[in-house]
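What follows is a single structure, written as structure tokens, with notes after it.
Values in this text are rule-based calculations from the coordinates and carry no lab data. It should be emphasised that the depicted structure is a prediction, and the values quoted were computed from it without experimental measurement. Every residue, glycine among them, receives a Cβ derived from its backbone with ideal geometry; neighbour counts consider all protein chains shown.
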Amino acid sequence: MVNTGGCETGPAVPKPGNLNIVYTNCKGRFGVFNKATSTEKAYYVGASNLYGHNPQDLKLRFQRVSPVHVSPHNPDIVYHTSQYVHKTTDDGETWETISPDLTAFEEDKQVISGSPITRDITGEEYYSTIYAIRESPIKAGVIWTGSNDGPVHVTVDNGKSWKNVTPKKLPLGGRVDAVEPSPHDPAKAYIAVLRYQLGDTKPYIYRTNDYGKSWVLLTDGTNGIGNDIPTRVIRAHPDREGLLFAATERGVFVSFEDGEKCHEFQQNLPLSPITDLKLHQGDLILSTMGRGYWIADDIHTLVNYSGTSDKSQLFIANKSIRNRGTYMRVDNASTPQYTDPGVSIDYYLTGASVNPIKLEFLNT
């Protein structure tokens, strides 16, 4: 394991195209770590020390896990958020603020937490900050944000103008834990909102198909996610429209119907709050509240799954890489087993086959 800068609380985001550069954050203090030199340069947008301050006295409010998001269209464009969206194109040396305050900003919430004896102002307690930001992966300049006090905003012109598109029936004050632009349609997006700190354990996952003009509540108690399961994150698969994964307080759910129906996807995953999900190189990677990381290897089969078990099915193979065999541990065995190189073929049979099963590989 390599220390990549920042601190315990912040994200570490590798720069696409440059394996030596990692963007980091520590309670709003942006850093650029260079693995080649093992050094970190700090380019703070706001104050260098947020400890001990009354939030109402701060010009910029950064919370514990202030987002760092690299544009999917240009690796030199990086977004970082306080109550505003900040943008850099030179690895943090200079910053441009491209939004107004995108939070609800209730003044009575901008107070010191705790009491004079147990005062705990270390930056993570600040309310009314932007908690999630994502740019559309298929249309540059379409950026979605969600704050930790409820509002959802979108810009379609790279920050020149912003529109509050918070779902009208969404209760006030919840934390927008995730915004997820569709990888298939620039007008479509999903949000997941967490409200259990307010005593509300209902799940809140919404979908829009028109840049936020209207929203559909997917978690209405009938789509497969129980009405008492808080939701944290929603992610869309880039290879199949409508294939979604939801992170909840009670594990992972999958949907093949764009969220209209959801199914438990625990497999051997312990029942735990799931804090984030990422689809990467054909795998589903997730983190738990217990600070554990789990990977579901090669879920490409789900891209081709018809959603029914009534008939046998041969699944289209994922892209494979020609390589040597490797030794790997299977089912936690004490002795590694040799795995032959080759292409993995997945299929599903409804029952015993009357005729022999035959697979032919043709060089066409």
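Most fluctuating residue of PRO270, PRO116, PRO75 in a GNM of the chain with Cα springs under 10 Å: which is it? Looking only at PRO270, PRO116, PRO75, the biggest GNM fluctuation is shown by PRO116. Entry note, region 1-134: relative contact order of 21 percent, from Cα contacts under 8 Å with a spacing of 6+ residues. Applying 1/(1 + (r/R0)^6) with R0 = 35 Å to the Cβ-Cβ distance of LYS163 and ASP276 gives a FRET efficiency near 0.85. Label-to-label distance for GLU360 and ASP210 is 5.2 nm, based on points extended 7 Å past Cα in the beta-carbon direction. Result for the chain in a Gaussian network model with C-alpha springs under 10 Å: among LEU314, LEU194, LEU170, the largest mean-square fluctuation is at LEU314. Among GLY212, GLY259, GLY46, the largest mean-square fluctuation in a Gaussian network model of the chain, built with springs joining Cα atoms closer than 10 Å, belongs to GLY46.
What is the sum of charges, Lys and Arg at +1 and Asp and Glu at -1, for the other residues whose Cβ falls under 14 Å from the Cβ of ARG207? Result for the local shell: -3. Each eigenvalue of the Cα gyration tensor of the chain, multiplied by 5 and square-rooted, gives one semi-axis; in descending order these are 38, 25, 20 Å. With a cut-off of 13 Å between beta carbons, the residues surrounding GLN110 carry a summed charge of -4, where Lys and Arg count +1 and Asp and Glu -1. Taking the chain, the Cys residues with no second Cys beta-carbon under 4.7 angstrom are CYS262. Among 60-73, 99-112, sorting by the average number of other beta carbon atoms lying within 10 angstrom of each residue, highest first, gives 60-73, 99-112.
List the aspartates and glutamates whose alpha-carbon lies under 12 Å from that of LYS27, not counting same-chain residues fewer than 8 positions away? The qualifying aspartates and glutamates are GLU8, GLU124, GLU125.
Helix-only arithmetic for the chain: the sum of -39500 (n - 2.57) across DSSP H runs with n ≥ 4, divided by the residue total, places the mean residue ellipticity at 222 nm at -500 deg cm²/dmol. Longer than 20 Å from Cα to Cα, which of LYS87/LYS163; LYS168/LYS278; LYS87/LYS169; LYS163/LYS261 are they? Say none if no pair is. LYS168/LYS278; LYS87/LYS169; LYS163/LYS261, as the Cα separations exceed 20 Å there.
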